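Read the structure below first, then the notes.
The values are calculated or read from the model by the stated rules, or taken from the named source; none is laboratory data. Bear in mind the structure is a predicted one, so any value in this text is a computation, not a measurement. Cβ coordinates were reconstructed from backbone atoms using ideal geometry, including for glycine residues, and neighbour counts include every protein chain displayed.
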Amino acid sequence: MTEPLLVDRTDAVVTLTLNRPKAMNALDVALKEALRDALAELETDRSCRAVVLAGAGGSFSAGQDLREHVATLESTTGNPLDTVRAHYNPIAARLANLPKPVVAAVRGMAAGAGASLAFLADIRIGGPTTSFLMAFAKVGLAADTGASWTLPRLVGHAKAVELLMLAEPVRAEEACRLGLLNKLTDDDEKVLPAAQELAARLAAGPTVAYGAIKRQLSIADAGTLADALAAEAQAQAICGATTDHRAATLAFVGKQKPVFEGH
């Protein structure tokens, strides 16, 4: 049986590949559970210092597997949308709060929850065929997998309303202009290598500081200036006590290149 999620480790970079290419990497229960559990393991895996999220074949992810979803809708037991609490919410929380950088290699279509997954990454890289589709309203649903939180922060409230209600595709160049993509390659075959190269660069950096930066921005996005200042003070106390900070400061004074070890 083919594994729904491929986990590849290259040095300090872990690549998680959604592996249902014949179904455009649609998210069935097996894939959602595998991704949720893999992210939980990576939270405390000190050998992993950066993560790449990718899709097998020509698509990133078509979102919820609607064939499987139809079966749950026709079932007389349970709530078919329990998957939001059981799978999508934990995945979104773990991706957003992962204390290490996450880079999404968005090749081809990212729709619905698939797009939401990409938006939870810290940096997104796409290619000529990359497109995003907030497809929820097309099947009479609201947003999930954190899209109601990430999308306004990426494109602003008004544009988020438009993308979610009209559910029209956003092509690669427009996605880059809006901020849905951070970088656009000129060849789809370059998307994953570019994402892994960037992840390797980040993995060699001050990963404790990167995790603190993620927490700071999350707090500042939803809080007051006082909240942000308190978070900054806490983050600097944590980062200032690391070996990386001391070593990098000494390297800077000594006009040497710092080496970060992630602690």
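At a glance:
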item: Any hit, the range 241-249, residues being outside the structural domain of ALA50 (by TED's automatic domain parsing), outside any helix (DSSP H, G or I) and either within 29 Å of ASP11 (Cα to Cα) or of a type in the set (A, V, I, L, M, F, W, C) (or both); result: yes
item: Some residue of the range 99-115 being surrounded by fewer than 20 Cβ atoms within 10 Å (Cβ to Cβ), in the same structural domain as MET165 (by TED's automatic domain parsing) and touching a residue at least 60 places away in the same chain (Cβ under 8 Å); result: yes
item: Looking only at the range 1-23, and only at residues there that are without any contact (Cβ under 8 Å) to a residue 40 or more places away in the chain and within 17 Å of the chain's Cα centre (by Cα), the one that is nearest to ALA199 (Cα to Cα); result: VAL14
item: Every pair of residues 6+ apart whose Cβ atoms lie under 8 Å, when the first sits in the range 146-167 and is in the same structural domain as ILE91 (by TED's automatic domain parsing) and closer than 15 Å to PHE119 by Cα while the second is surrounded by 15 or more Cβ atoms within 10 Å (Cβ to Cβ) and polar (S, T, N, Q); result: GLY146/SER116; ALA147/SER116; THR150/SER116
item: THR129 vs. criteria out of contact with any Leu (no Cβ under 7 Å at 6 or more places or on another chain) and over 21 Å from ASP186 (Cα atoms); result: no
item: The range 119-170 - residue that is surrounded by 22 or more Cβ atoms within 10 Å (Cβ to Cβ) and among the aromatic types (Phe, Trp, Tyr) and, of those, nearest to LEU98 (Cα to Cα); result: PHE119
item: The range 47-77, residues that are in contact (Cβ under 8 Å) with a residue 60 or more places away in the chain, surrounded by fewer than 18 Cβ atoms within 10 Å (Cβ to Cβ) and within 19 Å of the chain's Cα centre (by Cα); result: GLY58
item: Cβ pairs under 9 Å, 6+ apart, first in the range 240-257 and closer than 12 Å to PRO206 by Cα, second basic (Lys, Arg); result: GLY240/ARG246
item: Which listed residue is modelled with pLDDT of 95 or more, touching a Phe, Trp or Tyr at 6+ places or on another chain (Cβ under 8 Å), under 29 Å from ILE125 (Cβ atoms) and buried (at least 18 other Cβ atoms within 10 Å of the Cβ), from LEU202, LEU198, LEU184; result: LEU202
item: Selection from the range 190-207 of residues that are in contact (Cβ under 8 Å) with a residue 12 or more places away in the chain and either touching a helix residue (DSSP H, G or I) at 6+ places or on another chain (Cβ under 6 Å) or charged (D, E, K, R) (or both); result: LYS190, PRO206
